[in-house]
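**Q** Below: one structure in structure tokens.
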Amino acid sequence: IVAEKYAFFKGAIRFLFQDENGNATENSWNEFNTKWGEAKAYFNENPESKQSVMNSEYDNAKLLKALISRFTPENYWDVLNYRHRTFNNLSDSWRYYLLNNKIFGPIHQIMMGKNEIKTLEKSSDEARNRLYQLSNTDLLDFVMDKIPYSWIRGYHNHTAIFPSSTGIFINADNRDVLLHSDYISICDEYIVPKTKFLFGSDINFKYNGVNFQWRRTDYVYLLDESKNWIIKGTTAQGEKTYYCFAASGIENKDEFVHNLNCLISQANNAPCFNNCPNKERETNTDAMS
């Protein structure tokens, strides 16, 4: 009765007496006191409305990362992908996890005090790699702080952690070239600290003092001093063309920088470099794509 009235539980405390298979057995009832003790350690007895429900030690991404690190790939698809806005420590989110009949095992483990973050590895499997990104990097720490009402969904052909505006493309691994190339600089506001991720759908950056934008469509545009796309010309149909190139197929930073130099040369009416991939490539005409 005391547990039912505690925190945000509102009578729903089956996660305190169910085992890893969701069954209430004699043994799982014997574990009730252990789980009840952990619940009081994790969750504040009287959380304020629409505020974090965690006690101070856990008022961060630690417990959520520990939980996600115990998910299976099936759990990822069933519980995280295109699901609830779960990347925060609010009561609705934790009720979603604690009472979810898809993750009896992970919930059982953290309620039994196994709250360390399990070590996962990068993977070619999408679900496994997403679980690694969420639990074994600092991505979720940033998300909980900056965009806590977000969730995983598709956005402009990307897998993204997104609310309704600016978010993070978690499948755009090649965009980290902006963090590791000489003479390229971006504003700190785009950087997710201690990760290779960038915060934003359209990333403005400078190369050798020249303005560019890596747009959400994976085209890189040359910008003027006012940070507008520079018009290259007009098609026979009256559509504007711009100095840009497709970045999705670029494999390394040398090729990326080569393309940047080529756009600068083209805009200055200078000849393009030998063997430049832009020589025969159509420029993107869809300004709002």
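**Q** Name the long-range amide H neighbours of Tyr219: under 5 Å, sequence gap of 5 or more, or other chain; modelled H, no Pro or chain starts.
**A** Here the answer is Ala247, since their amide H atoms fall under 5 Å of that of Tyr219.
**Q** May I ask you to list the aspartates and glutamates whose Cα is less than 18 Å away from that of Lys227, ignoring any residue fewer than eight positions away on the same chain?
**A** Counting by Cα, and skipping residues close in sequence, Lys227 has these aspartates and glutamates nearby: Asp188, Glu189, Asp202, Asp218, Asp286.
**Q** What does the extension gain come out to for Tyr183 and Asp92, with contour length at 0.36 nm per residue minus their alpha carbon separation?
**A** Gain on extension, Tyr183 to Asp92, equals 28.2 nm.
**Q** Quick one, which of [x] 1.09; [y] 0.97; [z] 1.11 is the actual Rg/Rh (Cα atoms, Kirkwood Rh) calculated for this model?
**A** Given [x] 1.09; [y] 0.97; [z] 1.11, the calculated one carries the label [z].
**Q** Taking the full set of protein chains and a 1.4 angstrom probe, give the accessible area of Asp182 in square angstrom, rounded to the nearest 10.
**A** Only protein atoms counted, so the area is about 110 Å².
**Q** Go ahead and run the numbers for FRET between Arg14 and Lys227, Cβ-Cβ distance against an R0 of 41 Å, rounding to 0.05.
**A** 0.15
**Q** Rank these residues by their accessible area, most exposed first, probe 1.4 Å: Tyr97, Tyr155.
**A** Final ranking, largest accessible area leading: Tyr155, Tyr97.
**Q** Restricting attention to the stretch 1-44, which trypsin sites (Lys or Arg not before Pro) occupy a DSSP loop and are surrounded by at most 15 other Cβ atoms within 10 Å?
**A** The qualifying sites are Lys5, Lys10.
**Q** Give me the extension gain from Lys40 to Asn171: residue separation times 0.36 nm, minus the current Cα-Cα distance, reported in nm with one decimal.
**A** Here the segment from Lys40 to Asn171 would lengthen by 43.4 nm.
**Q** A further question follows. How much accessible surface does Arg83 have with a 1.4 Å probe, in Å² rounded to 10?
**A** Arg83 exposes around 100 Å² with every protein chain in place.
**Q** Sticking with this one: Taking 0.36 nm per residue of separation and subtracting the Cα-Cα distance, what length does fully extending Lys240 through Lys206 add?
**A** Between Lys240 and Lys206, full extension yields 9.9 nm more.
**Q** Testing the spin-label approximation: label points 7 Å from Cα along Cα→Cβ at Asn30 and Lys194. State their distance in nm.
**A** Placing both labels 7 Å beyond Cα along the Cβ direction yields 4.0 nm.
**Q** Compute the separation of the alpha-carbon centres of the stretch 89-126 and the stretch 154-190 and state it in Å as a whole number.
**A** 26 Å
**Q** Let me know the shape class of the stretch 67-204, please: from the alpha-carbon gyration tensor, a ≥ b ≥ c as square roots of the eigenvalues, rounded when a/c is under 1.5, otherwise prolate if a/b is greater than b/c, or oblate.
**A** Verdict is prolate for the stretch 67-204.
**Q** Pull out a ≥ b ≥ c, the square roots of the eigenvalues of the alpha-carbon gyration tensor of the stretch 15-93, then state rounded if a/c is under 1.5, prolate if not and a/b is larger than b/c, and oblate in the remaining case.
**A** In terms of gyration-tensor shape, oblate.
**Q** Per-residue accessible area for Thr195 at 1.4 Å probe radius, Å² rounded to 10?
**A** Counting only protein heavy atoms, the figure is 30 Å².
**Q** Hey, another quick one. Straight-line reach from Lys40: which aspartates and glutamates have a Cα under 14 Å away, not including same-chain ones fewer than 8 places off?
**A** Glu4, Glu57, Asp59
**Q** Also, I was wondering about something else. Using alpha-carbon pairs under 8 Å, 6+ residues apart, how would you state the relative contact order of the chain in percent?
**A** Value for the chain: 11 percent.
**Q** Pop out the carbon and sulfur fraction of the accessible area of the chain as a percent, whole number, probe 1.4 Å.
**A** The computed percentage sits at 43.
**Q** About its Cα centre, what dipole magnitude does the chain give when the only charges are +1 on Lys and Arg Cβ and -1 on Asp and Glu Cβ, stated in debye to the nearest 20?
**A** So the dipole magnitude of the chain works out to roughly 400 debye.
**Q** Right, here's the next one. State, as an integer percentage, the relative contact order of the stretch 160-207 based on alpha-carbon contacts under 8 Å between residues 6 or more apart.
**A** The normalised contact order for the stretch 160-207 reaches 39 percent.
The values are calculated or read from the model by the stated rules, or taken from the named source; none is laboratory data. Bear in mind the structure is a predicted one, so any value in this text is a computation, not a measurement. As a convention, Cβ positions derive from the backbone with ideal geometry for all residues, glycine included, and neighbour counts pool all protein chains shown. SASA here: full protein model, heavy atoms, side chains in, ligands and nucleic acids out. Shrake-Rupley method; radii C 1.70, N 1.55, O 1.52, S 1.80 Å.
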